[in-house]
Amino acid sequence: MRNRWYGLIAAALCAVWLPMTASAQTPETQSAQTTAFDRRAGELVDLLNGKIAFADYFAPSFQQAIPEAQFKTMTASLIAQYGRAVAVEHATSKDGRSGTLQLRFEKGIGSVTLDVGADADERVIGLRLTGFQMADDSYDRVAAELAALPGNTGFLVAELDGAAIRPLAMANSDKQFAIGSTFKLYVLDELAAQIAAGERQWSDVAPLSHLSFSSAGTANWPKDTPVTLQTLANWMISVSDNGATDTLIHLLGRERIEARMRAAGHSDPSRNIPFLTTVEAFALKGNNFADIRPAFIASDDKAQRKLIDANRGRLVLANVDGVSFIDGPRFIDSLEWFASPNDIARAFINLRARRSTTLMSVLAINNGVGPAAGEPWRYLGYKGGSENGVLSMSLLGERKADGKWFVVTASWNDPKANLDADKLVGFVTRLLALAAK
């Protein structure tokens, strides 16, 4: 639900990135033996294993964007999952400054892009782990590691044959999980349905009518700024923008989205009725609404809808108590959006069946796993979700090798503690790689 999820899933695994700087050097003027790229690539194993100082390896611009403490935390998470870095293989660069390499770990091989600055000290300005292949990986291995996580997990990898779901691997695929912003798939579906029915067009302009805790897409934008429906959809899906989402929910109609969710085959739609906006969910979870929260949780759908309607004037962004969300999970078993892995697969089937090139392009803006993990796929659409104690990642892909369509979706909930997003990204990337085979 929070917009920071986009920053965690925009690059595969625990990726570190800074903008690439073009080098003025040409192949003809480079040393025939050792370039800045070769030298820094050769030092990468020692860096990750703590034998080279962070400040000696990275340029000031990198250090400002990714502080040393954050880099060490990310590196520790990477090593905990894949073992220590062992060797650099297949390092290639056309200009001696920017290039790619394969980084061997104890448990697999990572694909890395590396960019070296043009300053005299030739420190690194960009480092990104774009994909990972586990040695001797398997669905059973991933399933066992997911099951060992604290809290509850579930996943599904399935081939989609029309409306049929043909599972390749799964665990708790019918269990309802809190899914955070993955609920926005149902909003997108209803938007596309109204456009297909001729009620609206992607190019229609609407005011940004309902502000929320949002991404950079609409953060600090003036209320009622005019934007197209396609722009709202782009923001809602690619960066999980909550202001765009709440604007669309109010525009399209809460009850029509609920009906669309039922039509898409959700197995327990009452869990999401009334279909909350992000502000309503934030507000009800916070301390400012402790007076009505118990009644809301205990009520049936009809009574919950009456409570929402009766408190419409209170359930606004100005009344959301942000302090409530500092410490950990808040009511993720009762005040959330819910779906099972199979429900999410059915939602993707419904979206694909609309045969809307615009809809599919919206889903594909941010593929969630980075370019290397996406390379075996002709198409890759994505939606993720996060909140304290909640992580969800879901992908719809067309495999290049044979044109077959697949869904890969995983959820992780823990009502007692915050979660390590890097871990789930790693697991989902591995599942996607297995499906690509």
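Taken over region 83-136, the residue count meeting the criterion of being open to solvent by 70 Å² or more (accessible area, probe 1.4 Å) and under 24 Å from the mean Cα position of the chain (by Cα) is 1. Are any residues in region 321-358 open to solvent by 20 Å² or more (accessible area, probe 1.4 Å), in a loop (DSSP other than H, G, I, E, B) and not charged (D, E, K, R), and if so, which ones? Result: ILE326, PRO329, PHE331, SER334, SER356. Just a yes or no: is a residue in region 192-200 of a type outside the set (Ser, Thr, Tyr) and under 24 Å from ARG312 (Cα atoms)? Looking for residues that are of a type outside the set (Ser, Thr, Tyr) and under 24 Å from ARG312 (Cα atoms), one finds none in region 192-200, hence no. Pairs linking a residue in region 52-77 that is under 17 Å from ASP121 (Cα atoms) to a residue that is among the small types (Gly, Ala, Ser) and part of a helix (DSSP H, G or I), with Cβ atoms under 8 Å and 6 or more positions apart or on different chains, are GLN63/ALA55.
Table: residues versus (1) buried (at least 19 other Cβ atoms within 10 Å of the Cβ); (2) out of contact with any Gly (no Cβ under 8 Å at 6 or more places or on another chain); (3) within 30 Å of GLY328 (Cβ to Cβ).
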position: ALA193; (1), (2), (3): yes, yes, no
position: ARG200; (1), (2), (3): no, yes, no
position: ALA216; (1), (2), (3): no, yes, yes
position: ASN220; (1), (2), (3): no, yes, yes
position: THR247; (1), (2), (3): yes, yes, yes
position: ALA259; (1), (2), (3): no, yes, no
position: HIS266; (1), (2), (3): yes, yes, yes
position: THR277; (1), (2), (3): yes, yes, yes
position: ALA283; (1), (2), (3): yes, yes, yes
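Number of residues in region 306-356 that are closer than 30 Å to GLU398 by Cβ and touching a Ser or Thr at 6+ places or on another chain (Cβ under 8 Å): the value is 9. Pairs linking a residue in region 418-437 that is assigned to a helix (DSSP H, G or I) to a residue that is of a type in the set (Gly, Ala, Ser) and modelled with pLDDT of 90 or more, with Cβ atoms under 6 Å and 6 or more positions apart or on different chains, are VAL428/ALA410. Looking at GLY368, GLY381, just one residue is in the same structural domain as LEU168 (by the TED database), surrounded by 17 or more Cβ atoms within 10 Å (Cβ to Cβ), touching a residue at least 40 places away in the same chain (Cβ under 8 Å) and of a type in the set (Gly, Ala, Ser), and that residue is GLY368. Only a single criterion out of (1) open to solvent by 10 Å² or more (accessible area, probe 1.4 Å); (2) more than 22 Å from GLN133 (Cβ to Cβ); (3) of a type in the set (S, T, N, Q) is not satisfied by SER392, namely (1).
For region 85-144, the tally of residues that are under 17 Å from VAL428 (Cα atoms) and modelled with pLDDT of 90 or more stands at 7. Based on this model, can you work out whether ASN367 counts as within 20 Å of THR278 (Cα to Cα) and touching a helix residue (DSSP H, G or I) at 6+ places or on another chain (Cβ under 9 Å)? Criteria not met by ASN367. In a residue-by-residue description of region 301-314, the property of being free of Cβ contacts under 8 Å to residues at least 12 places away in the same chain and part of a loop (DSSP other than H, G, I, E, B) applies to at least one position. How many residues does region 86-109 hold that are closer than 14 Å to ARG40 by Cβ and part of a strand (DSSP E or B)? Qualifying residue count, region 86-109: 9.
The criterion of being without any contact (Cβ under 8 Å) to a residue 12 or more places away in the chain and assigned by the TED database to the domain that holds TRP202 does not hold for PRO274.
The values are calculated or read from the model by the stated rules, or taken from the named source; none is laboratory data. Note that the structure is a prediction, hence the values are computed from the model and not measured. Every residue, glycine among them, receives a Cβ derived from its backbone with ideal geometry; neighbour counts consider all protein chains shown. The accessibility values were calculated without ligands, DNA or RNA, using every heavy atom of the protein model including side chains. Shrake-Rupley method; radii C 1.70, N 1.55, O 1.52, S 1.80 Å.
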